[in-house]
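The next block holds one structure in the form of structure tokens; read it before the comments.
The values are calculated or read from the model by the stated rules, or taken from the named source; none is laboratory data. Everything numeric in this text was worked out from a predicted model, so none of it was measured. FYI the Cβ positions are ideal-geometry reconstructions off the backbone, even for glycines, and counts take in every protein chain you see. SASA here: full protein model, heavy atoms, side chains in, ligands and nucleic acids out. Shrake-Rupley method; radii C 1.70, N 1.55, O 1.52, S 1.80 Å.
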Amino acid sequence: MKIIGTGSALPEKVVSNDMLAGFLETSDEWITTRTGINTRRLLSSDNLGELAITAARAAIETSHIDIENIDYIICSNVANNYVTPSLSTIIQGGLGDCSCPCMDLNGACAGFIYAIDIAEALLKTDRARNILIVCAEEPSKFCNWHQRETSVLFGDGAGAVVVTGGDNLLSRRVTAKSQKDVLYYKRPLESTPYDRSTENAEPLVMNGRDVFRMAVQGSLSDINALLDDAHMQPDDVDYYLLHQANMRIINSIRENIKQPEEKFPCNLQRYGNTSSASIPILIDELAREHKLKEGALLMLSAFGAGFVTGGALLRW
Ligand code: UT7
């Protein structure tokens, strides 16, 4: 497969660390030094469906494929206001002349790589020719905004790509190992006369240190496995596009494989952790700034709740 179009959309509201310090016991200094995040974009008067549709439209436009020739929509989303119908069908409705199959997947922050994995399988088996992948996330809505441990980390946003047949995906790898307690969000369901489990709803809970350690280990093992598969060395890669969660996680991975900073473009300083949307938003920004030269070798790597990881090595 190959990526032929990219798009992204972010909420209008920019929230700085200082704004958070106005109501949380935190500081710009703590957030910047522990995470690298300076601002994030948070949904306020806008909504996730609109962002997802805007990102999708931009990806289709840059792909030069007519909407009616998109024959599958995969949306990566952890949770949104609609439990049903799927966000992918809501996106389809906003695109106009389009009636292809749609599905949502929850691969947490690794959802973009999981979507690439599935898209590649659909393309290889001739079940689709052009696939729209949209990663749309609003993790700010999972957090307890009285808890500084989680709420300062996240931002909302959407990133999209159109993929089609080609030889540019050299290798990919997705993993999962159940570890429910390190990172979870339990949303409420309606209670019934027979089950009051709605009381078990809980905002995002995270063991930051465990997630940090598992993220670095998981990402490194994916990167090394993908390079081995392709008989390549870390030096062969032009850009490492990693899940934008924390600059310290990115630096730990970078130092381990002894690569220079300029190979790790980042936007987490501006957007925080936008879950599965972070890599496609980054790809779209780099593509629009003409920073991705044709033939450049890209290593994508992400990790998240599950615990899941995913990596992909591809030529631009
Ligand atoms: O997509 C995957 C999602 N999750 C992640 O990627 C998160 C991975 N983990 C991390 O990024 C880091 O573990 C954090 C940024 C969450 C935390 O950094 P840390 O260096 O692991 O800090 P810590 O959890 O060990 O906390 C150090 C101190 C604690 O105070 P004490 O116990 O030392 O007195 C915390 O209570 O920092 C305190 N703290 C804060 N202080 C000011 C925690 N959050 C804040 C905050 N502002 N926002």
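Using the Karplus relation 6.51 cos²θ - 1.76 cosθ + 1.60 with θ = phi - 60°, the per-residue 3J(HN,Hα) values for segment 250-259 come to 4, 5, 4, 5, 4, 5, 4, 9, 6, 10 Hz, with x marking Gly and Pro. Exposed loop sites here are trypsin sites (Lys or Arg not before Pro) assigned a DSSP state other than H, G, I, E or B and surrounded by at most 16 other beta carbons within 10 Å; excluding them, the longest clear run of the chain is 1-126.
Show me the GluC sites (Glu not before Pro) within segment 247-300 that DSSP assigns to loop and that have at most 14 other Cβ atoms within 10 Å of their Cβ. Here the GluC sites (Glu not before Pro) that fit, given the DSSP loop and packing criteria, are Glu289, Glu294.
Kindly identify segment 206-310 as rounded, prolate or oblate by the Cα gyration tensor criterion: order the square roots of the eigenvalues as a ≥ b ≥ c, call it rounded if a/c is under 1.5, otherwise compare a/b with b/c, prolate if a/b is larger, else oblate.
oblate
Working value for segment 1-116: equivalent-ellipsoid semi-axes of 32, 15, 14 Å, each the square root of 5 times a Cα gyration tensor eigenvalue, largest first. In the structure shown, the pairs Lys186/Lys263; Lys180/Lys293; Lys2/Lys263; Lys141/Lys293; Lys13/Lys186 are assessed against 32 Å; a Cα-Cα span above that value is assigned to Lys186/Lys263; Lys180/Lys293; Lys141/Lys293.
For segment 59-181, give the percent of accessible area contributed by carbon and sulfur heavy atoms, probe 1.4 Å, rounded to a whole number. Looking at segment 59-181 in its full context, I get 46 percent from C and S. Ligands, DNA and RNA left out, the accessible area of segment 270-316 computed with a 1.4 Å probe is 53% carbon and sulfur. Normalised by residue count, segment 132-262 yields a Cα convex hull volume of 168 Å³ per residue.
Accessible area per residue for segment 1-149, computed on protein heavy atoms with a 1.4 Å probe, is 46 Å².
Remark: relative contact order (the chain) = 25 percent; criterion is Cα-Cα distance under 8 angstrom and separation of 6 or more residues. The Kirkwood radius of the chain, taken over pairs of alpha-carbon atoms, gives through the Stokes-Einstein law at 20 °C and 1.002 mPa s a diffusion coefficient of 109 µm² s⁻¹. The Cα center of segment 211-284 and the Cα center of segment 8-29 differ in position by 24 Å.
Computed from phi, the 3J(HN,Hα) profile of segment 13-28 under the Karplus parametrisation 6.51, -1.76, 1.60 (θ = phi - 60°) reads 6, 9, 10, 8, 4, 4, 4, 5, 5, x, 10, 10, 7, 8, 8, 4 Hz, with x in place of Gly and Pro.
Using just the Cα positions, wrap segment 125-194 in a convex hull and report its mean projected area in square nanometres, one decimal place.
Values: hull surface 37.2 nm².
For segment 125-194, averaging the hull's shadow over all directions gives 9.3 nm².
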